[in-house]
Amino acid sequence: MNITAGEDADRKISARRDIALIAVVAVLAAVICVKFNLSEALLDWTRPFESLQLDELPAVLLVVAISLIWFSSRRYFEANRQLRLRRAAEAQLAETLAENKRLTQQYVHMQENERKALARDLHDELGQYLIAVKLDAMSVHESMTADPGVHAVARSMIANIDRVYGMVSGLIRQLRPVGLDDLGVTAAIEHCVNDWRSRLPLVAIEMSLTGDFETLDETRGLVLYRLVQEALTNIARHAKATAVQIRIAAGRAVDSGQCFEILIADNGCGSDVSAPRPGLGLFGMRERVCALGGSITLASELGAGFQVEASLPMAGAPS
């Protein structure tokens, strides 16, 4: 809105300047015509060419000038109409984008709440039942009266229960970051990276976290965590990298607002960032960051690794 007001002020100043210039030129032309009797001189000059009717040339030029004024005014009003339509379309587009960001942020918030509730149910309900079944199987296994066949079945049940419990624990970690609610986003990100270090022993993952993460609200903390989680997932699936660098640091945005600068880079095989992708991971990362007023840039070349750079405001994101 401020830019539009500035443009209107500049346009008014330019119009006044043009009117003043036209007035000065008209006055100078009148002074020259009066001083040199330009009309009489023109008549004397054209008298030898009376057969060509050159004395009618001023009237023709006057008609041409009036026609040009009419033509330019038509174009001026048409340009103004198109400009108003364009501004209305831009305003509508800006409103639609703001609404889209609001809906995206609301969707992400609802998704995280559902994940939190599902993780809690898995831990409190299914986890407790698995522990109870395991305790029963251990009681049977340790029973002295059971025959050897029952001992073997109980031992197999305990092993299977341990595997299922491990899978449930993995699902809980994917649904809700471990330690986020109790220890904060820093501990959650460190746990996520350490988990990937154990999964990818041949990949050197370096991480640097600097800044006051305790001031982040839950939404921004989750976006930081999901950004790191999705990037490491893509690296494990596609990159074939041997080294990964993760750097999250507090910085200052262009508008002097505080923000977190995120860099995640690997030395893997890279990819064509302009090519269409079957998954929604990178798209989801972009939507999460942009919904909070941040920005994200993907850079990669075949054989030159992949790099994710993002900027996430600490506060003041559009709602």
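The values are calculated or read from the model by the stated rules, or taken from the named source; none is laboratory data. What you see is a predicted model, and the numbers here were worked out from it, not measured in a lab. In this analysis, Cβ positions are derived from the backbone assuming ideal geometry, glycine residues included, and neighbour counts consider all displayed protein chains. When the accessible area is computed, the model is the full protein with side chains, heavy atoms only, and any ligands, DNA or RNA have been set aside. Shrake-Rupley method; radii C 1.70, N 1.55, O 1.52, S 1.80 Å.
List of remarks:
- When residues in region 24-55 are screened for being open to solvent by less than 90 Å² (accessible area, probe 1.4 Å) and either modelled with pLDDT under 75 or not β-branched (Val, Ile, Thr) (or both), 15 of them pass.
- So Val178, is it hydrophobic (A, V, I, L, M, F, W, C), surrounded by 15 or more Cβ atoms within 10 Å (Cβ to Cβ) and not in a helix (DSSP H, G or I): yes
- Test: residue in region 201-223 that is more than 22 Å from Cys259 (Cβ to Cβ) and of a type in the set (Lys, Arg): no
- Selection from region 291-319 of residues that are at pLDDT below 85, surrounded by fewer than 20 Cβ atoms within 10 Å (Cβ to Cβ) and either charged (D, E, K, R) or not in a loop (DSSP other than H, G, I, E, B) (or both): Glu301
- Close pairs (9 angstrom Cβ cut-off, 6 or more residues apart or separate chains): on the phi > 0 side of the Ramachandran plot in region 174-185, at pLDDT below 80 and assigned to a helix (DSSP H, G or I) anywhere: Gly184/Glu214
- Subset of region 194-219 that is within 24 Å of the chain's Cα centre (by Cα) and either among the hydrophobic types (A, V, I, L, M, F, W, C) or open to solvent by less than 20 Å² (accessible area, probe 1.4 Å) (or both) - its residue that is nearest to Arg286 (Cα to Cα): Leu216
- Selection status of Lys101, part of a helix (DSSP H, G or I), surrounded by 12 or more Cβ atoms within 10 Å (Cβ to Cβ) and of a type outside the set (Phe, Trp, Tyr): yes
- Among the residues of region 2-23, those identified as open to solvent by 80 Å² or more (accessible area, probe 1.4 Å), at pLDDT 70 or above and aliphatic (A, V, I, L, M) are Ile13, Ile19, Leu21, Ile22.
- Filtered residue count, region 267-290, keeping only those that are touching a residue at least 24 places away in the same chain (Cβ under 8 Å) and either of a type in the set (Phe, Trp, Tyr) or open to solvent by less than 20 Å² (accessible area, probe 1.4 Å) (or both): 4
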